[in-house]
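Structure record follows, encoded as structure tokens.
The values are calculated or read from the model by the stated rules, or taken from the named source; none is laboratory data. Worth saying up front: this structure is predicted, and the values here are computed from it rather than measured. Please note: Cβ atoms are built from the backbone with ideal geometry, for glycine as well, and neighbour counts cover all protein chains shown. Areas reflect the complete protein model, heavy atoms only, side chains present, ligands, DNA and RNA absent. Shrake-Rupley method; radii C 1.70, N 1.55, O 1.52, S 1.80 Å.
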Amino acid sequence: MIVVIKSGTPAREIERISQELNSWNVTPEKSAGRHQVVIGLVGDTAALNPQQIQQLSPFIEQVLRVNQPFKRAALEFRNGEPSTVFVGTSSGVIAFGQNCPIVQVAGPCSVENEEMIIQTAQRVKAAGAKFLRGGAYKPRTSPYAFQGHGESALNLLAAAREATGLGIVTEVMDTADLEKVAQVADIIQIGARNMQNFSLLKQVGAQDKPVLLKRGMSATIEDWLMAAEYILAAGNPNVILCERGIRTFDRQYTRNTLDLAAIPVLQTLTHLPIMIDPSHGTGRAEYVSAMSRAAIAAGADSLMIEVHPNPAQALSDGPQSLTLKQYEQLMQEMAVIGKSVGRWSETPISTATQNTIHLQELALRVS
Ligand code: PEP
Ligand code: MN
């Protein structure tokens with residue numbers, strides 16, 4: 001259930017309404033959008049009478065029920081207003097959301113050694129990426145395949161951040177590693193195979209770093225949003241959804257089926273930002289450009305692309321990885337579509353960009 005507050009309502013009155021609702025055995029959660037304040041009510045709302053709530057204050061515009069099984073993740077929970085996820089990095093704050101320029105995330109599937117990760121970081125940054133991705137703990141289908149370099153790879157990601165100022169995205173597979181991963185990651189990735197690892201979801205929900213939640217390979221959109229709900233319910237509001245392809249019947253020509261229809265569907269269901277991963281989505285480097293351009297045209301808020309200095313020698317996911325040169329070329333191609341939808345930021349990360357708001361500025365906005 002949500003309580004929509006009239007614009008211009010004094011903060012003290014909003015506080016009073018929240019306190020009143022709190023005594024009704026539901027948890028009120030205030031969210032201040034661009035145009036209005038909404039108080040979301042979580043808990044056993046079935047017994048509540050919307051008219052009775054309406055009578056609490058003349059400043060209440062309306063009271064509406066959220067008709068979805070997911071609540072905090074629902075677009076209705078913010079009365080139709082998309083949310084922005086602000087991610088702090090060593091270079092400033094990067095914003096993900098429908099009102100922001102598209103955020104580019106790039107890097108190898110796995111962090112293999114210092115030279116390759118630093119070189120990749122420098123080149124993707126120069127091409128316009130804001131985040132470096134790279135796996136330290138790798139979820140591999142075969143137990144005999146390369147499992148990632150673990151903690152030493154986290155140190156290499158920290159070195160790449162030091163060298164470039166890029167934000168870091170890396171996956172956590174096990175609750176036991178969460179603390180270590182959270183020390184290095186600016187965004188913690190939950191991989192497709194762990195999308196319904198509910199104890200892991202609860203734990204990333206109970207810490208502060210933003211979470212990138214990849215769609216499980218056989219997950220429906222509702223399963224996926226319910227997984228996001230676990231993170232939100234545990235107290236972390238900063239969730240970005242990442243579509244990375246689902247299992248259908250053709251595995252001969254593509255690794256997965258990239259569900260780009262998920263973009264407009266999610267936009268009707270949730271306020272959370274949407275990222276597309278065309279690398280795992282297709283499994284083939286030669287299809288990444290077409291799917292990246294399509295994702296931007298369809299309204300993606302961010303793209304995550306696998307890039308490797310020498311894909312033929314990659315320890316994981318070589319066939320879907322772009323070379324550094326191919327990535328530079330792809331950025332040019334994406335720019336054409338990005339500009340046409342008015343969501344392309346040209347400035348490199350070292351100078352303040354449209355979506356790089358320095359921490360001080362953010363603090364001012366929040367206060
Ligand atoms: C990855 O990003 O390298 C990865 C393992 O992705 P997914 O969980 O989508 O398979
Ligand atoms: Mn990969």
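Being open to solvent by 60 Å² or more (accessible area, probe 1.4 Å) and at pLDDT 95 or above is the requirement here; does Pro82 meet it?
Considered against the rule, which asks whether it is open to solvent by 60 Å² or more (accessible area, probe 1.4 Å) and at pLDDT 95 or above, Pro82 comes out as no.
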| message | So if I check each of Arg247, Arg251, Arg215, which one is modelled with pLDDT of 95 or more and exposed (fewer than 15 other Cβ atoms within 10 Å of the Cβ)? | response | Arg247
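Please specify each residue of segment 109-128 satisfying the condition of being outside any strand (DSSP E or B) and touching a Gly at 6+ places or on another chain (Cβ under 8 Å).
Cys109, Val111, Ile117, Thr120, Ala121, Val124, Lys125
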| request: Give me the pairs, please: first residue somewhere in segment 108-120 and under 13 Å from Arg133 (Cβ atoms), second residue anywhere and away from ligand 2 (no atom under 12 Å from the Cβ) and hydroxyl-bearing (Ser, Thr, Tyr), beta-carbon distance under 7 Å, and either six or more positions apart or on two chains. | output: Pro108/Thr120
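In this structure, is Pro139 assigned to a loop (DSSP other than H, G, I, E, B) and more than 16 Å from ligand 2 (Cβ to nearest atom)?
no
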| query | If you take just the strands (runs of 3 or more DSSP E) that sit entirely in segment 10-75, which of them hold at least 2 residues that are in contact with a Ser or Thr (Cβ under 8 Å, 6 or more places away or on another chain)? | reply | 26-32, 37-43
| Taking segment 142-161 on its own, how many of its residues are assigned to a helix (DSSP H, G or I) and touching a residue at least 60 places away in the same chain (Cβ under 8 Å)? | 1
| task | Filter segment 294-326 down to residues that are closer than 27 Å to Phe86 by Cβ, more than 15 Å from ligand 2 (Cβ to nearest atom) and not small (Gly, Ala, Ser), then give me how many there are. | result | 2
| How many residues does segment 102-159 contain that are touching a Phe, Trp or Tyr at 6+ places or on another chain (Cβ under 8 Å), of a type in the set (Lys, Arg) and within 14 Å of ligand 1 (Cβ to nearest atom)? | 2
| From the set of residues in segment 174-198 that are within 16 Å of ligand 2 (Cβ to nearest atom) and part of a helix (DSSP H, G or I), which is surrounded by the fewest Cβ atoms within 10 Å (Cβ to Cβ)? | Arg193
| Does segment 273-296 hold any residues that are among the acidic types (Asp, Glu) and in contact (Cβ under 8 Å) with a residue 60 or more places away in the chain, and which are they? | Asp277
